[in-house]
Amino acid sequence: MSSAVPRPAWSEAFTPDVLTPLPGFPPLDKHGITREWAWGGSTGAGVKVAVIDSGIDADHPAIGGHISGYVSIRQDSDGLIMDSTPHRDQFGHGTACAGIIRSLAPECELFSVQVLGPTLTGSSAVFAAGVRWAIEHGMDVCNLSLGTSRREFFGVFHELTDLAYFRRLPLVCAANNVAGASYPSLYGVVLSVAAHDGTDPEQFYANPLPPVEFGAPGIDIPVPWLDDSEITVTGNSFAAPHITGHVARLLGKHPHLTVFEVKTILRALADNAVPQSTDEQSITNTSDTR
Amino acid sequence: MSRTPDDVDAVDRYPAVDARFVADLRAALITARAADMLSAPPPDDLLLDRLIRAAAHAIPSPEGALFLLDHDRNLLIFDTVVGSTAEKVKGLTMPLGHGIAGLVAVSRQPIAVANAQEHPRHARDIAAQSGYFPTTILAVPVIAPDGTMLGVLELLDRQRQPTYSLDDLNLLTAFAELAALLVAQRQQRGVMAALLGQALASLTGLPPETRQSMVARSDAFLASVEANPGTRRTVELATLVAAISERGPTELQACIGVLEVFADYVRSVQTPEFGMELLT
């Protein structure tokens with residue numbers, strides 16, 4: 001059963017009258033950590049990004065023709081089937097997410113993990129298999145603009161998200177503005193994202209009242225879709241890939257960051273984060289030497 | 001509905017059916033009918049229709065539809081439709097594999113599309129079957145309290161604003177939660193009806209054809225009970241009590257109190273047949 005307590009629409013946390021400034025703490029504030037330090041000059045090159053979704057149309061102009069790997073997962077009476085031959089997008093949703101990621105991290109290595117298809121057979125199990133595939137195949141960051149509310153998968157996704165966390169794999173999840181749980185977006189070890197009403201892809205916020213921790217553009221934004229087209233869409237599905245793109249750029253420059261370090265850096269760089277440090281000494285100098 | 005009380009007598013006389021069972025069944029059906037009237041006065045279909053109309057009014061939209069999932073065939077079915085396309089598309093099906101509604105069904109994520117008309121393929125879930133090409137689409141999942149995906153609630157062509165907003169998306173999601181409860185309730189009733197049918201079919205060791213005949217006669221019996229003037233009066237009474245109960249618990253309690261006093265009076269001065277006449 002869903003929670004008896006109505007959940008808020010998570011995106012409301014990022015509206016101007018609700019959004020509160022986040023106090024920084026030196027040196028982990030904007031004096032200590034700058035966007036230039038975090039991802040200045042990074043294109044996401046060398047970073048493996050899994051898009052767990054409906055597939056990716058590689059030849060869409062926004063994707064640029066190159067996908068580094070494919071797996072299409074489905075379930076039939078014999079169990080799960082993993083197909084690594086190239087596939088196309090079933091709906092446009094995965095191409096939209098991949099296009100947003102690539103717009104921020106143009107040289108990241110995209111992997112299409114297709115778990116949304118024309119049947120619902122075993123959909124939650126297929127989704128979980130997609131996350132497991134990403135963990136076991138050395139992905140550096142995953143975009144999950146989908147979720148399940150099936151309570152019986154609470155444990156499965158809890159185990160998977162912990163495993164990803166321990167292997168330094170950030171899972172960026174779209175929050176669901178629906179009463180009741182949505183897994184794995186509500187777990188503490190993932191980066192849960194809702195839409196704010198800005199359109200600047202560089203603009204993101206941190207929410208002091210999780211479970212949804214970050215807000216990124218997702219309202220009336222143009223995204224690539226099927227048939228080499230572009231449509232204007234609204235949904236948390238399209239906020240998450242913005243954060244995924246930032247993480248890809250960040251890991252392109254600082255490849256050994258853990259998930260909690262990634263979260264800490266994003267929090268310090270959020271547009272509502274307020275620097276409190278006036279100390280000129282920053283971690284920029286020390287961090288850039290590694 | 002056109003059966004007469006003679007059919008009830010015919011069921012009563014059916015040799016393979018125990019008379020006590022018939023009496024119990026009669027009492028159970030009448031009680032269930034009356035209780036149903038009291039507890040859920042409007043039928044589920046009407047409630048769903050009103051719910052979608054309310055959603056389309058609150059989020060000004062000329063067209064609205066509730067799609068239900070057929071899990072076995074991977075289809076979406078136009079279940080309840082309001083607007084100009086309602087008569088054309090109601091009951092039609094479409095494969096789950098494409099379109100905005102299909103995407104919402106498989107991803108469980110709500111989505112709003114602003115410029116669908118420029119790319120008709122994205123709106124083909126409705127356009128292909130109705131000839132209606134929307135400019136804006138808002139679609140949210142309908143998920144049962146246990147997490148089961150039931151369908152998709154969709155509105156088309158936002159009025160007074162160029163696009164559906166995030167507030168619209170959240171509001172329609174609240175309507176979808178109500179729709180999920182109604183759909184789940186309707187499905188549970190369907191399961192109950194099927195169970196009752198199976199129970200009737202397996203009551204005795206009768207041959208299949210006899211059991212089938214018995215089920216048919218049970219259906220006729222139910223129809224005749226509904227057509228019975230006495231039952232109609234019971235339904236009228238139930239409707240009256242339901243109307244009073246809508247005023248609040250105090251009014252309902254007062255109503256029950258008055259009825260109990262009257263029932264005590266009736267029992268004291270009338271024969272039991274009076275009660276049977278009232279209820280049958």
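None of the figures in this text is laboratory data; all of them are computed from the coordinates on show. Bear in mind that the values here come from a model prediction, so they are computed numbers and not experimental data. Reconstructed Cβ throughout: ideal geometry from the backbone, glycine too, with neighbour counts over all protein chains shown.
Things to note:
- Using the Cβ-Cβ distance between B:Ala243 and B:Lys90 with R0 set to 25 Å, the FRET efficiency from 1/(1 + (r/R0)^6) comes to roughly 0.25.
- Computed magnitude of the charge dipole of segment A:33-159 (debye, nearest 20; Cβ of K, R +1, Cβ of D, E -1): 260 debye
- Fewest-first ordering of A:Asp89, B:Asp167, A:Asp200, B:Asp49 by other beta carbons within 10 Å of each residue's beta carbon gives A:Asp200, B:Asp167, B:Asp49, A:Asp89.
- Residues A:Phe166, A:Phe238 arranged by fewest to most Cβ contacts within 10 Å: A:Phe166, A:Phe238
- Note on A:Ser229/B:Val191: beta-carbon distance plugged into 1/(1 + (r/R0)^6) with R0 of 56 Å gives a FRET efficiency of 0.85.
- Mean residue ellipticity (222 nm) of chain A, computed from DSSP H runs ≥ 4 via -39,500 (n - 2.57), nearest 500: -7500 deg cm²/dmol
- Computed with the Debye formula from one identical point scatterer per Cα of segment A:1-151, without solvent, the log10 of I(q)/I(0) at q = 0.14, 0.20, 0.22 Å⁻¹ comes to -0.84, -1.16, -1.25.
- Rounded to 5, percent antiparallel among DSSP beta bridges of segment A:42-272: 35 percent
- Projecting the Cα atoms of A:Ile101, A:Ala195, A:Leu257 onto the charge dipole of chain A (Cβ charges, centred on the Cα centre) puts A:Leu257 farthest toward the positive pole.
- For A:Ile56, residues with placed amide H under 5 Å, excluding near neighbours: A:Asp89
- Using θ = phi - 60° in the Karplus curve 6.51 cos²θ - 1.76 cosθ + 1.60, the 3J(HN,Hα) couplings for segment A:208-220 round to x, 10, x, x, 7, 9, 9, x, 9, x, x, 10, 6 Hz; x is entered for Gly and Pro.
- Amide H contacts of A:Leu22 (H built 1.01 Å from N, under 5 Å, at least 5 apart or other chain): A:Ala273, A:Val274
- Alpha-carbon Debye profile of segment A:153-243, log10 I(q)/I(0) at 0.13, 0.15, 0.22 Å⁻¹: -0.46, -0.60, -1.04
- Cβ-placed point charges (K, R +1; D, E -1), dipole of segment A:42-272 about Cα centre in debye, nearest 20: 640 debye
- Computed from Cα positions, the angle between helix A:259-269 and the longest principal axis of chain A comes to roughly 50 degrees.
- Close amide H partners of A:Gly69, meaning residues 5 or more places away or on another chain with modelled amide H under 5 Å apart, are A:Ser112.
- From phi via Karplus (6.51, -1.76, 1.60), per-residue ³J(HN,Hα) for segment B:44-56 in Hz, x at Gly/Pro: 4, 4, 5, 4, 5, 4, 5, 5, 5, 4, 5, 5, 5
- Neighbour-count order for B:Ser84, A:Ser182, B:Ser245, A:Ser123, fewest beta carbons within 10 angstrom listed first: B:Ser84, B:Ser245, A:Ser123, A:Ser182
- Residues in segment B:74-87 carry Karplus couplings, in order, of 6, 10, 10, 10, 5, 8, 10, 10, 10, x, 5, 8, 3, 5 Hz; the curve used is 6.51 cos²θ - 1.76 cosθ + 1.60 with θ = phi - 60°, and Gly or Pro positions show x.
- Rounded to the nearest 0.05, the FRET efficiency derived from the C-beta distance between B:Ala54 and A:Glu152 at R0 = 30 Å is 0.35.
- Value of D in µm² per second that Stokes-Einstein yields for chain A, Kirkwood Rh from Cα pairs, at 37 °C (0.692 mPa s): 173 µm²/s
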